[in-house]
Structures are given as structure tokens and as C-alpha cells.
Amino acid sequence: MIVLFLVVFGMLVATGFLVASAISDFRSMTIPNIYAGGIVLAFIPAYLADSFTGQGMEFFLGWQSHLIAALAVFAITFILFSLRILGAGDSKLATAVALWVGLAGLPSFLSYMAIIGAVLAVATKVMNTKPLVAAPKEGSWVAQSQAGRLGVPYGIAICCGAIIAFYQLGYFSPEKLALLAGYTENQP
């Protein structure tokens with residue numbers, strides 16, 4: 001039962017930090033480092049517990065897949081950060097998510113993140129020209145957009161892309177969770 005608990009707990013913690021990142025980015029256009037760090041720290045016991053089952057990695061691929069995905073995303077987002085296209089918090093958050101999804105989930109994560117990011121960019125552009133909210137909270141994405149700033153709360157896109165990728169990878173799958181539960185019940 002401990003294996004199931006660690007995997008589910010890790011997924012819930014990661015998802016919670018993702019949602020908190022999206023909310024923070026919407027409210028203040030910042031993502032605290034603790035959120036990306038929490039996502040990484042939640043991955044470690046979940047991955048180790050999953051690999052402990054010895055049943056072919058029910059949720060995760062080999063550690064190399066997850067590490068390569070994270071390093072590739074970090075390299076790309078670091079370049080985008082250097083070019084002032086992406087924020088540092090966005091870079092760290094996307095890297096943490098890449099660790100979770102590995103190479104298998106990377107195309108899905110990046111695709112949905114880009115689509116949702118494009119929708120947010122269009123919304124920002126619209127708010128640059130036409131105020132949509134009468135009295136937005138000061139410092140929020142809406143307030144900054146209506147003031148003419150072009151920043152996009154990419155934490156929202158990262159959160160949505162990650163949750164979709166998690167779903168497509170089967171991280172929320174009752175069948176996979178049942179396999180882990182079955183493994184733990186059959187142990188002495």
C-alpha cells in the first residue's frame with residue numbers, strides 16, 4: 001500500500017504545485033521557485049516507489065528518459081529566457097514538468113502548452129487594445145495587459161499542458177492505480 005500511496009501522493013503534490021503556479025502567475029506574473037522545487041521533490045519518491053514494484057514501470061519510463069526530457073527542456077527554456085522570451089519561473093516550472101512526463105509525454109506536454117500559451121498571448125494582445133475588466137487587481141496579468149504590457153502568464157499554459165500530458169500518460173488511470181494496489185496487496 002505504501003507504493004500506491006507514494007505514487008498518488010507525488011502526483012497530487014505535483015498537481016497542487018502546478019495549480020498554485022498558474023494562480024500565482026495569473027495574480028502577479030511570478031512563479032515562486034518553491035513550486036518547481038516541490039514538483040521535482042514530489043517526483044523522486046513517486047518514481048522510486050513505482051520502480052520498486054518491478055512490474056515494468058507502471059507509470060514511469062526509465063530514469064534516463066525523464067532526465068533527458070528535463071535537460072532538453074531546461075536547455076531550450078534557458079535560451080528562451082536569455083532572449084527574454086520566457087521568464088525564469090516559467091523555465092524552471094517547464095523543466096520540473098518535463099522530469100515528470102519524460103520523453104514519452106514531452107510532445108503532448110509541449111504541444112498543449114504551446115496552444116494554450118498562444119491563446120493567452122492573443123488574450124493579452126486583445127487586452128492591450130481594449131480593457132475588458134473595469135478594476136483588475138493591481139499587478140495581475142489582466143491589469144498589466146490592460147496597461148499595455150505584453151507579458152503572458154505562461155504558468156497557466158504549463159499547468160494545463162502538464163495536466164493534459166499526465167492524463168494522456170495514464171497517471172490518473174484507475175487501471176494503473178489498481179495494478180499498483182494489486183501489487184502491494186500481494187506482497188508478504
Worksheet item: With respect to S111, is the statement that it is part of a helix (DSSP H, G or I), loosely packed, with under 15 Cβ neighbours inside 10 Å and modelled with pLDDT of 90 or more true?
Response: yes
Worksheet, complete the sentence: Picking from S82, S91, S65, the residue that is surrounded by 21 or more Cβ atoms within 10 Å (Cβ to Cβ) and of a type in the set (S, T, N, Q) would be S91
Item to complete: Residues being closer than 20 Å to T15 by Cβ and either among the small types (G, A, S) or in a helix (DSSP H, G or I) (or both): count how many of those fall in the range 121-159.
Response: 6
Fill in: Cross-chain or 6+ apart pairs with Cβ under 8 Å, the range 167-182 first and among the small types (G, A, S), then surrounded by fewer than 16 Cβ atoms within 10 Å (Cβ to Cβ) and at pLDDT below 85
A181/M1
Worksheet entry | Residue count for the range 80-93, restricted to those that are outside any helix (DSSP H, G or I) and either over 16 Å from T30 (Cα atoms) or touching a Lys or Arg at 6+ places or on another chain (Cβ under 7 Å) (or both) | 1
Worksheet item: Looking at A96, A104, A46, A69, which is the one that is under 12 Å from I158 (Cα atoms), in a helix (DSSP H, G or I) and within 16 Å of the chain's Cα centre (by Cα)?
Response: A96
Discussion item. Can you confirm whether Y112 is of a type in the set (F, W, Y) and in contact with a helix residue (DSSP H, G or I) (Cβ under 6 Å, 6 or more places away or on another chain)?
Written reply: yes
Worksheet entry | Failed item in (1) at pLDDT 95 or above; (2) aliphatic (A, V, I, L, M); (3) assigned to a helix (DSSP H, G or I), with I31 passing the rest | (3)
Item to complete: Sort through G105, G148, G117, G139 and tell me the only one that's in contact (Cβ under 8 Å) with a residue 40 or more places away in the chain, in contact with a helix residue (DSSP H, G or I) (Cβ under 6 Å, 6 or more places away or on another chain) and loosely packed, with under 13 Cβ neighbours inside 10 Å.
Response: G139
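The values are calculated or read from the model by the stated rules, or taken from the named source; none is laboratory data. These figures come from a predicted structure and were not determined experimentally. Every residue, glycine as well, gets a Cβ built from its backbone with ideal geometry; the counts of neighbours run over all protein chains shown.
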